[in-house]
């Protein structure tokens, strides 16, 4: 029988799947529902220091190969989110808190409050491609990545996972900068900056004009990023981008990921995608003679 358990920076997971930040993660009830459906861990909506409404509609458009979104980081603010985390924790969910902010000091403040709620780790959203001043600008500076990571590490006692952007020339140096600043793991990748235009209207479809592309179209980009990061750092990597099957997950695992996050596939495959992915991972590992998920991690480098 294949052992599906894995461990990320001391966090033990019953299987290598996680809910990615940004879908079904705004309430304690939805987080718990996803965990009960089979996810090994759940990541919250990205939460900031103050309530934020986000962008006007249209904010999401379905395109061939995935979803394009510019939601604008809507959230209730960190002080009003504690009860939601506690509801999920009361149901025994493994919860990772995603946070965003405009600078290192604010990141540290929000992350510290998130840690106070009892999350297992804090994920740093350094890489949203459509929120001005709150994402890509940070992710394109190694110094900013390091400064924010260091500030958060000084403020919390739980593992810290910076989430990096694919919208850079080379992602590995950013992972190295985060590792040197004390990161306990790396999440790769966030969405790819993109846009869609309506020929009939001769204008961008999204109200924000451009947004972040997620789904199957970005999986090869994510796999390549994880492969590069795995060779550059000695801390765990969490792969994200286009995972909808067990074989997708195994690509990330064999590229070097210790776990994978799933988001867009919930919209196309339903909440049962976590159990389905896990089942296929076990099946394929059994077929190729690997006894555990841990044996698959980094296998493509050997």
Pairs with Cβ under 9 Å, 6+ apart, first in segment 286-302 and without any contact (Cβ under 8 Å) to a residue 40 or more places away in the chain, second surrounded by 11 or more Cβ atoms within 10 Å (Cβ to Cβ) and in a helix (DSSP H, G or I): 288/296; 295/285
Set 85, 94, 99: member being buried (at least 17 other Cβ atoms within 10 Å of the Cβ) and within 30 Å of residue 142 (Cβ to Cβ): 99
Of all residues in segment 161-179 being touching a strand residue (DSSP E or B) at 6+ places or on another chain (Cβ under 6 Å) and closer than 14 Å to residue 237 by Cβ, the one that is surrounded by the fewest Cβ atoms within 10 Å (Cβ to Cβ): 166
Condition check for residue 85: in a strand (DSSP E or B) and within 18 Å of the chain's Cα centre (by Cα): no
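Okay, residues lined up against (1) within 24 Å of residue 24 (Cα to Cα); (2) without any contact (Cβ under 8 Å) to a residue 24 or more places away in the chain:
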site: 200; (1), (2): no, yes
site: 210; (1), (2): yes, no
site: 240; (1), (2): yes, no
site: 243; (1), (2): yes, no
site: 247; (1), (2): yes, no
site: 256; (1), (2): no, no
site: 263; (1), (2): yes, no
When residues of segment 4-48 are limited to those that are in contact with a helix residue (DSSP H, G or I) (Cβ under 7 Å, 6 or more places away or on another chain) and in a strand (DSSP E or B), the one surrounded by the fewest Cβ atoms within 10 Å (Cβ to Cβ): 6
Residue within segment 189-197 that is assigned to a helix (DSSP H, G or I), touching a residue at least 24 places away in the same chain (Cβ under 8 Å), surrounded by 24 or more Cβ atoms within 10 Å (Cβ to Cβ) and touching a strand residue (DSSP E or B) at 6+ places or on another chain (Cβ under 8 Å) present: no
Flag for residue 54 being in contact with a strand residue (DSSP E or B) (Cβ under 9 Å, 6 or more places away or on another chain), on the phi > 0 side of the Ramachandran plot and touching a residue at least 24 places away in the same chain (Cβ under 8 Å): no
Residue 183 in a helix (DSSP H, G or I), under 20 Å from residue 122 (Cβ atoms) and in contact with a helix residue (DSSP H, G or I) (Cβ under 6 Å, 6 or more places away or on another chain): no
Residue in segment 210-255 that is surrounded by the fewest Cβ atoms within 10 Å (Cβ to Cβ), counting only those that are modelled with pLDDT under 95 and either over 15 Å from the mean Cα position of the chain (by Cα) or part of a loop (DSSP other than H, G, I, E, B) (or both): 210
Which listed residue, of 147, 200, is surrounded by fewer than 19 Cβ atoms within 10 Å (Cβ to Cβ), modelled with pLDDT of 95 or more, under 17 Å from residue 109 (Cα atoms) and more than 15 Å from the chain's Cα centre (by Cα): 147
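The values are calculated or read from the model by the stated rules, or taken from the named source; none is laboratory data. Computed from a predicted structure; not experimentally measured. Quick reminder, even Gly has a Cβ in these numbers, built from the backbone with ideal geometry, and neighbours come from all protein chains shown.
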